[in-house]
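Derivation of every value follows stated rules applied to the coordinates shown; laboratory data play no part. Remember, predicted model here, so these are calculated numbers, not experimental data. Reconstructed Cβ throughout: ideal geometry from the backbone, glycine too, with neighbour counts over all protein chains shown.
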Amino acid sequence: MADTASGKIEGNAILKTITIRRPDDWHLHLRDGAVLKAVLPATSTDFARAIVMPNLVPPVVTTADARAYRNRILSVLPQGHDFTPLMTLYLTEGTSPDDVEAGFRDGLVTAVKLYPAGATTNSQSGVRDIAKVYPVLERMAAIGMPLCVHGEVTDPAIDIFDREAVFIERVLEPLRRRIPELRVVMEHITTREGVEYARSAGDNLGATITTHHLIINRNAILAGGIRPHYYCLPVAKRETHRLALREAATSGDRRFFLGTDSAPHLDPLKECACGCAGIFSAPVTLSCLAHVFEEENALGRLEAFTSLNGPAFYRLPPNEKRVRLTRHDEPIAFPKSIATGDGPVTVFDPMFPIHWNVEASAG
Ligand code: DOR
Ligand code: ZN
């Protein structure tokens, strides 16, 4: 048995078991209704908290909307699951600074989400002119409330593979210069430029990284046929970017933390001529991450990425309970899809056998 700086590793020649603080998911889509009911347990069994995205139809815009949505989530939480949804508000050009502040002070709302209008799923009500939301952002800076940013420009002239890098240059850097106290999370970074920008910044900037962007590059979507279940936004980039993300996630650097962006869509909405963006990874996320960190000889830093760096950024205590992950000799059989009352949702397939399994809370 060996203790590392961040997690207890048991086993000698082969590391078989790792015990870490219960993780949090700092970027999650839970949806609503039948899909919410079906997907929530995949997160609430393994995760203590999650930042819940507000891009419902209609979006979660006000503190009252967030309260109602939180109640709907808690009403379908399986008995005995210890899970806290951390609510976000969907920023619009009509968002009231007073409502945002009231929700934050109340403890109900943790962050605000900026979607550039048209950037992704259900983002039509997002922001077209950033100047229109300066009063909200200034208020958030004053009260220390984080802004979660979908960092892609929507300019049709910009190639989809360049939209993140151009966003940093055109929108994020000017915004942070204008309001330096604003605490910003670059959500689901997918590029070397994103990694470098986060590294170059101070304490007011963090970045989430998804499980799938550590595993796939754009070939998964496009080589040998179009595979819609690997399509998400920001779209996976070329290999050099995946390697930069892996290096960042496994480095232990406090600015990088897990946000799965697990985003369920019903299969018919992905398997069609114009399929939705989103990868549903919640059921396999921790097992896949253990695989990735083991490959990078970084199992001792898994806990920093999943359970320590996020709470530090959000100024919340890390979870006290632990989970134990065990490496099995035989691959573990995960479901290929889950059934919801509205139809099936395909689970992320990492294209390698998964040997790690999460055991019940290790106390
Ligand atoms: O792939 C994605 N899916 N990216 C997003 O930004 C939104 C999400 C969704 O809601 O499906
Ligand atoms: Zn998302």
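Just order 23-35, 234-246 by mean Cβ neighbour count inside 10 Å, highest at the front, would you?
Highest-to-lowest ranking by the protection proxy: 23-35, 234-246.
Between segment 336-356 and segment 45-107, what is the separation of their alpha carbon centroids in Å?
Between the Cα centre of segment 336-356 and that of segment 45-107, the gap is 26 Å.
Apply the Debye scattering formula to segment 263-363, with a single equal point scatterer on each alpha-carbon and no solvent, then give log10 I(q)/I(0) at q = 0.12 Å⁻¹.
Rounded to two decimals, the profile gives -0.52.
Which loop-located trypsin sites (Lys or Arg not before Pro) does segment 257-317 contain, where loop means any DSSP state but H, G, I, E or B and the Cβ has at most 14 other Cβ atoms within 10 Å?
Answer in residue order: ARG315.
For LYS270, go through the aspartates and glutamates and keep the ones whose alpha-carbon is under 20 Å away, minus same-chain ones fewer than eight residues off.
LYS270 reaches ASP32, ASP261, ASP342, ASP349.
Among the lysines, select those whose C-alpha is under 17 Å from the C-alpha of LYS321, and discard any that sit fewer than 8 residues away in the same chain.
Candidates past the 8-residue exclusion: LYS8.
Using r as the Cβ-Cβ distance of ARG177 and ASP32, and R0 as 30 Å, what FRET efficiency do you calculate, to the nearest 0.05?
It comes to 0.20.
Under a Cβ-Cβ cut-off of 15 Å, what is the net charge of the residues other than ILE332 that fall near it, where Lys and Arg count +1 and Asp and Glu count -1?
-2
If you look at just the Cα atoms of the chain, how large are its Rg and its Dmax in Å?
19.2, 59
Using modelled amide H (1.01 Å from N, peptide plane; none on Pro or chain starts), what sits under 5 Å from the amide H of ARG322, excluding residues fewer than 5 places away?
HN-HN under 5 Å from ARG322: ARG22, ALA362, GLY363.
Please figure out what share of the DSSP beta bridges in the chain is antiparallel and state it in percent, rounded to the nearest 5.
40 percent
Which of the aspartates and glutamates could a cross-linker span from LYS132 if the Cα-Cα distance has to be under 12 Å and same-chain partners fewer than 8 positions apart are dropped?
Of all the aspartates and glutamates, those that pass the test against LYS132 - Cα under 12 Å, at least 8 places apart if same chain - are GLU93.
So how far apart, in nm, are the two label points at ILE160 and ILE332 if each is 7 Å from Cα heading toward Cβ?
With each label placed 7 Å out from Cα toward Cβ, I get 3.2 nm.
Could you tell me the convex hull volume per residue, in Å³, taken over the Cα atoms of segment 1-159?
Hull volume over Cα atoms, normalised by residue count, gives 170 Å³.
Which of LEU36, ALA244, TYR197 sits farthest toward the positive end of the charge dipole of the chain, with +1 on the Cβ of Lys and Arg and -1 on the Cβ of Asp and Glu?
Highest projection toward the positive end goes to LEU36.
For the chain, what does the helix formula give at 222 nm: sum of -39500 (n - 2.57) over DSSP H segments with n ≥ 4, over the residue count, nearest 500 deg cm²/dmol?
-7500 deg cm²/dmol
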